[in-house]
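**Student:** Below you'll find the structure I mean.
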Amino acid sequence: MGRRSPYPAEFRDDAVALYRAAGGKRTYAAVAADVGVTGETLRSWVRQADEQAGRVNSRGGETAAESRDEELARLRAENGRLRKAKKEWELEREILRRAAQYFAKEMKA
């Protein structure tokens, strides 16, 4: 077991959130310099936060990757249903357009 960190958990969480808010536009070292720690320290905090998030998901019975895969499968199925419905609507629209043309000719004659 490692030694206890001199930084409070809230400080570490805030530093990790600050790094993630940068969205990859800033390096660990740049963000770490802003909060007053080393880049390696911040990197280890981010890694620990990611591991804890993975453990939380696995306690629920699935990892983050599995939940993403399930969501992707659900969205693909929904996309397929919507495409099918769109084709049906387009067919109905074409039928109505032709019927309107037919009745318009009947009215003129």
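**Student:** Among E71, E88, E40, which one shows the biggest mean-square fluctuation in a GNM of the chain, springs joining Cα atoms closer than 10 Å?
**Tutor:** Checking each option, the largest mean-square fluctuation is seen for E88.
**Student:** Arrange the following residues from fewest to most other Cβ atoms within 10 Å of their Cβ: W89, W45.
**Tutor:** Result, fewest neighbours first: W89, W45.
**Student:** Pulled fully out, how much extra length does the chain show between S5 and R43, if you take 0.36 nm times their separation in residues and subtract their Cα-Cα distance?
**Tutor:** Additional length available on full extension: 12.2 nm.
**Student:** A further question follows. Taking the Cβ of A33 as the center, what net charge do the other residues with Cβ under 14 Å away carry, scoring Lys and Arg +1 and Asp and Glu -1?
**Tutor:** 0
**Student:** Dipole of the range 1-61 (Lys/Arg Cβ +1, Asp/Glu Cβ -1, origin at the Cα centre): which of Q48, S5, Y19 lies farthest to the positive side?
**Tutor:** Selected residue: Q48.
**Student:** Please express the shape of the chain as an equivalent ellipsoid: the semi-axes are the square roots of 5 times the eigenvalues of the C-alpha gyration tensor, given largest first in whole angstrom.
**Tutor:** 59, 19, 9
**Student:** Per residue of the range 36-49, what does 6.51 cos²θ - 1.76 cosθ + 1.60 with θ = phi - 60° give for ³J(HN,Hα)? Whole Hz please, x for Gly and Pro, Karplus curve as stated.
**Tutor:** Running phi through 6.51 cos²θ - 1.76 cosθ + 1.60 with θ = phi - 60° gives x, 10, 7, x, 5, 4, 5, 4, 5, 5, 5, 4, 4, 5 Hz.
**Student:** Could you list F11, F103 in order of exposure, starting from the residue whose Cβ has the fewest other Cβ atoms within 10 Å?
**Tutor:** Fewest-to-most ranking of F11, F103: F103, F11.
Computed from the coordinates by the stated procedures, all read-outs in this text should not be read as laboratory data. Predicted model, so just to flag it, every value in this text is computed and none were measured. Methodologically, a virtual Cβ is constructed for each residue, glycine included, from the backbone with ideal geometry; neighbour enumeration extends over all protein chains shown.
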